[in-house]
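The values are calculated or read from the model by the stated rules, or taken from the named source; none is laboratory data. Treat the numbers as computed from the prediction; the structure is a model and nothing was measured. Please note: Cβ atoms are built from the backbone with ideal geometry, for glycine as well, and neighbour counts cover all protein chains shown. Side chains are part of the model used for accessible areas, which takes the heavy atoms of the whole protein and leaves out ligands, DNA and RNA. Shrake-Rupley method; radii C 1.70, N 1.55, O 1.52, S 1.80 Å.
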Amino acid sequence: MRITSRLVVPFIQIYGIYVVLHGHLSPGGSFSGGAIFGASLVLVALSFNLETGAKQISHQTASLLESGGVLGFVITGLVAIALGGNYLSNRAAGFPAGQAGELFSAGAILIITVFVGIKVASTIVTLFYNIIEGEK
Amino acid sequence: MIYFLFAIIFVILTLFLRFFIGVEPRIILTFYLLGLIIFLFSFTVAEMPTFGSPVNPAFNEVPQRYLESGVAETGAINIVSSIIIDYRAFDTLGEATVLFVAIAAVIATIKAH
């Protein structure tokens, strides 16, 4: 179990990052990619022990990332207002859209996808640790 | 006439279950309520428009606009992504907030004791 997860976890994490970053190009997106990434961190804690899992991502970092994900989403919406568009608008506010089909395209969609992916991954990790550790 | 017959069978069945078999009234009521819910839900499903039919109310100008000019307006070739994060971004913001509130509630419930 430990050897298998040590082999598999990096690939799962790379796949999760791929799904998040290619959310505007291929099926998938922020929620599914973040869930894959969070599941890899949970797999570490399940196959080793809770302390080793907590070394990968500490509780404080997880809750910071979690609040930061929503905050980044909101701030991206506010940046659109500052650029002169409506709240959460993309092309109309002047985010660089790039060539359709390339990795760095679609302006605010990529930024928001990354933020929501971070948020979903840290939500899964925080939920897991809080429920496993229980009352302390 | 047939409804009248059904009502009589219904009442007889209830009385039979209650007084000859001895089922508690609470359990009988529970099963009747479940039956009513199943009836209403299957009635709703039967009334739904056919999947993929061209006269569905969902086939209006809105998805046509998304399919025709979604790539030009958002720059994303994944149409689902362009809808959930560009056209319906406010809804996704609410979704992220729901996740946040859920985890805050879990932490408050577990750590409060």
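Rundown of residues vs (1) of a type in the set (Phe, Trp, Tyr); (2) under 22 Å from the mean Cα position of the chain (by Cα); (3) farther than 24 Å from A:ILE111 by Cβ, yes/no style:
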| site | (1), (2), (3) |
| --- | --- |
| B:GLY52 | no, yes, yes |
| B:ASN56 | no, yes, yes |
| B:VAL62 | no, no, yes |
| B:ILE77 | no, no, no |
| B:SER82 | no, no, no |
| B:GLY94 | no, yes, no |
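Tally time: how many residues in region B:80-101 are open to solvent by less than 60 Å² (accessible area, probe 1.4 Å) and either more than 10 Å from chain A (Cβ to nearest Cβ) or out of contact with any helix residue (DSSP H, G or I) (no Cβ under 8 Å at 6 or more places or on another chain) (or both)?
So the count comes out to 2.
Among the residues of region A:101-119, which ones are more than 7 Å from chain B (Cβ to nearest Cβ) and either modelled with pLDDT under 80 or touching a Gly at 6+ places or on another chain (Cβ under 6 Å) (or both)?
Selection gives A:GLU102, A:LEU103, A:PHE104, A:ALA108, A:PHE115, A:GLY117, A:ILE118.
Consider region B:33-59. How many of its residues are modelled with pLDDT of 80 or more and open to solvent by less than 70 Å² (accessible area, probe 1.4 Å)?
Number of matching residues: 2.
Condition (residue is open to solvent by 20 Å² or more (accessible area, probe 1.4 Å) and within 14 Å of chain B (Cβ to nearest Cβ)) applied to region A:8-18: is it met by at least one residue?
For region A:8-18, residues open to solvent by 20 Å² or more (accessible area, probe 1.4 Å) and within 14 Å of chain B (Cβ to nearest Cβ): present.
Being assigned to a helix (DSSP H, G or I) and modelled with pLDDT of 85 or more: is that true of B:ILE85 here?
It is false that B:ILE85 is assigned to a helix (DSSP H, G or I) and modelled with pLDDT of 85 or more.
Applying the selection to region B:1-32, what residues are at pLDDT 85 or above and part of a loop (DSSP other than H, G, I, E, B)?
none
Can you tell me which of (1) open to solvent by 30 Å² or more (accessible area, probe 1.4 Å); (2) modelled with pLDDT under 75 is the one A:GLY53 doesn't meet?
Failed condition: (1).
Quickly run through region B:58-79 and pick out the residues that are among the polar types (S, T, N, Q) and under 16 Å from A:PHE95 (Cβ atoms).
Passing the criteria: only B:THR74.
Given A:SER30, A:SER63, A:SER40, A:SER67, which one is within 14 Å of the chain's Cα centre (by Cα), closer than 14 Å to A:PHE128 by Cα and within 14 Å of chain B (Cβ to nearest Cβ)?
Criteria check complete, one pass: A:SER63.
Cβ-Cβ distance below 6 Å, separation of 6 or more or different chains: which pairs start in region B:62-73 with a residue that is within 14 Å of chain A (Cβ to nearest Cβ) and end on one that is open to solvent by less than 70 Å² (accessible area, probe 1.4 Å)?
Pairs found: B:GLY70/B:ILE79; B:GLY70/B:SER82; B:VAL71/A:ALA100.
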